[in-house]
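Data block below; observations after.
The values are calculated or read from the model by the stated rules, or taken from the named source; none is laboratory data. Quick caveat, the model's predicted, so the values are computed rather than measured. In this analysis, Cβ positions are derived from the backbone assuming ideal geometry, glycine residues included, and neighbour counts consider all displayed protein chains. Surface accessibility is based on the protein's heavy atoms, side chains included, excluding ligands, DNA and RNA. Shrake-Rupley method; radii C 1.70, N 1.55, O 1.52, S 1.80 Å.
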Amino acid sequence: MVNGDERTASEDGKGRLELQTWSDLPLELLELILCNLTFEDNVRASVVCKRWHKVAISVRVMNQSPWLMYIPKSGCLYEFYDPSERKIHSLELPELRGCRVCYTKQGWLLLYRRRNHLVFFFNPFTRETINLPSYELAYEIMAFSCAPTSTNCVVFSIKHVHPTVVAISTCHPGASEWTIINHRNRLPFVSSIWDKPVFCGGLFYCLSLTGWLGVYDPGRRYWKVLAVPPPRCPENFFVKNWWKGKFMTEHNGDLLVVYTSQNKNPMIYKLYRSELAWKEMESLRGVTIFSSFLSSLSGANLPGIMRNNTIPVNSSMTGESNLPLRTYGSSHPAMPYPLSERSDLLYDVHSGLSLGDFGACINGGVGSSTQ
């Protein structure tokens, strides 16, 4: 039997529950839900109410843009520019003396020292070095699939032998020698230092000087030039040093090619594999493309003016010196990177270290930080 007091308490509790809304969720539960949303859904949730807005902002993850690594003309003092904080961090890196940077990815540099034909990976912040077998490198380009600490890491190099033949060399950390195999081209493919290699979906893609696309399967050791006509070039692209304005990257499994031309908006093409065709993109849909001579990167959900942009990085190799950020579909430039007459390259700091790691590196006395 239930007395009157108990009935009243029960009814009051039920009434309070009926009055509660989604905005009354416990803070811990709300944080757990919002931190598992995608960036787009997080933004949508933030407009529900003031309380949700505050929590959504606190757990929102903005992807970090790559840093710019300045290569000094002399000495071993390297500078890293963080565009999001607009700070320059300096590091003494004597390990890089006499070395040529061949490729960068996931916080690692692939280096070649001509004096002893040494090829090795180096992480500027952890100072970890991973050696590969000696390899005499001339003018061929190189790339690697993922961080050398992974068992899936493969190093790729391609060299022109004959108009119908390329030599492909592969290696991996822990190997005792390089594997070098000559492959015939059924379609025109002249390899040069201006080739653009990209690892995507387990395969190495290589865009030639003239725009033909070759693909190499490191597991099957199989090379093929795809029957895909080169992307259509801008009318004013075939001018002096035209080959220096072409870049390739990947984003979420899609291959993207960027054609840049001075004082003009870039043209961006996406490869449709099923149709064997490049098609021009009308919108980047929030993606940012950082293009540089050695390796180009893409990112999504980057902060502020970087979103929906192509950003050519200054390099003495490309001749694209002091180019501003170019808004895709707009003629209004912005400048996230400082101008420099030095050669430089992109450094994917987001996957290379945490900000805590960098702070420990700086505080350890091997570098400095300035605005």
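Among (1) modelled with pLDDT of 85 or more; (2) open to solvent by less than 70 Å² (accessible area, probe 1.4 Å); (3) assigned by the TED database to the domain that holds Arg307; (4) touching an Asp or Glu at 6+ places or on another chain (Cβ under 7 Å), there is one condition Tyr78 misses while meeting the rest; what is its number?
Of (1) modelled with pLDDT of 85 or more; (2) open to solvent by less than 70 Å² (accessible area, probe 1.4 Å); (3) assigned by the TED database to the domain that holds Arg307; (4) touching an Asp or Glu at 6+ places or on another chain (Cβ under 7 Å), only one is false for Tyr78: (4).
Could you check the stretch 85-132 and list, in sequence order, the residues that are of a type in the set (S, T, N, Q) and within 17 Å of Tyr70 (Cβ to Cβ)?
Ser90, Thr104
Which ranges mark the strands (runs of 3 or more DSSP E) fully within the stretch 242-361 that have 2 or more residues being closer than 22 Å to Tyr70 by Cβ and either at pLDDT 50 or above or more than 16 Å from the chain's Cα centre (by Cα) (or both)?
Per the criteria, 246-251, 287-291, 297-300, 309-312, 344-347.
Are there any strands (runs of 3 or more DSSP E) wholly within the stretch 147-203 with 1 or more residues that are without any contact (Cβ under 8 Å) to a residue 12 or more places away in the chain and either under 16 Å from Leu110 (Cα atoms) or open to solvent by 10 Å² or more (accessible area, probe 1.4 Å) (or both), and if so which?
Result: 155-162.
If you go through the stretch 85-105 one residue at a time, how many are open to solvent by 60 Å² or more (accessible area, probe 1.4 Å) and either farther than 30 Å from Ser157 by Cβ or polar (S, T, N, Q) (or both)?
Of the residues in that region, 3 qualify.
Assigned by the TED database to the domain that holds Gly245, among the hydroxyl-bearing types (Ser, Thr, Tyr) and under 19 Å from Arg273 (Cα atoms): is that true of Ser191 in this structure?
no
Quick check on my filter: what residues within the stretch 260-301 are closer than 17 Å to Phe199 by Cα and polar (S, T, N, Q)?
Answer for the stretch 260-301, where residues must be closer than 17 Å to Phe199 by Cα and polar (S, T, N, Q): Ser291, Ser292, Ser295, Ser296, Ser298.
Per-residue answers, yes or no, for (1) modelled with pLDDT under 80; (2) over 23 Å from Ala300 (Cβ atoms); (3) among the polar types (S, T, N, Q):
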| position | (1), (2), (3) |
| --- | --- |
| Ser10 | yes, yes, yes |
| Gly13 | yes, yes, no |
| Arg16 | yes, yes, no |
| Leu19 | yes, yes, no |
| Phe39 | yes, no, no |
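Mind checking which residues of the stretch 21-52 are surrounded by fewer than 16 Cβ atoms within 10 Å (Cβ to Cβ), more than 29 Å from the chain's Cα centre (by Cα), part of a loop (DSSP other than H, G, I, E, B) and of a type outside the set (Val, Ile, Thr)?
Pro26, Cys49
Applying the selection to the stretch 253-304, what residues are open to solvent by less than 60 Å² (accessible area, probe 1.4 Å) and hydroxyl-bearing (Ser, Thr, Tyr)?
Tyr259, Thr260, Ser261, Tyr269, Ser283, Thr288, Ser291, Ser292, Ser295, Ser296, Ser298 - these are the residues of the stretch 253-304 that are open to solvent by less than 60 Å² (accessible area, probe 1.4 Å) and hydroxyl-bearing (Ser, Thr, Tyr).
When you go through (1) within 17 Å of Thr179 (Cβ to Cβ); (2) open to solvent by 30 Å² or more (accessible area, probe 1.4 Å) one by one for Glu128, which number turns out not to apply?
(1)
Tally up the residues in the stretch 204-217 that are in a loop (DSSP other than H, G, I, E, B) and open to solvent by less than 30 Å² (accessible area, probe 1.4 Å), please.
So the count comes out to 2.
Read through the list (1) crowded, with 18+ Cβ neighbours inside 10 Å; (2) assigned to a helix (DSSP H, G or I); (3) assigned by the TED database to the domain that holds Val287, then give the number of the only condition that Leu110 fails.
(2)
Evaluate the stretch 113-135: report whether one residue or more is touching a helix residue (DSSP H, G or I) at 6+ places or on another chain (Cβ under 9 Å), of a type in the set (A, V, I, L, M) and assigned to a strand (DSSP E or B).
Scanning the stretch 113-135 turns up no residue that is touching a helix residue (DSSP H, G or I) at 6+ places or on another chain (Cβ under 9 Å), of a type in the set (A, V, I, L, M) and assigned to a strand (DSSP E or B).
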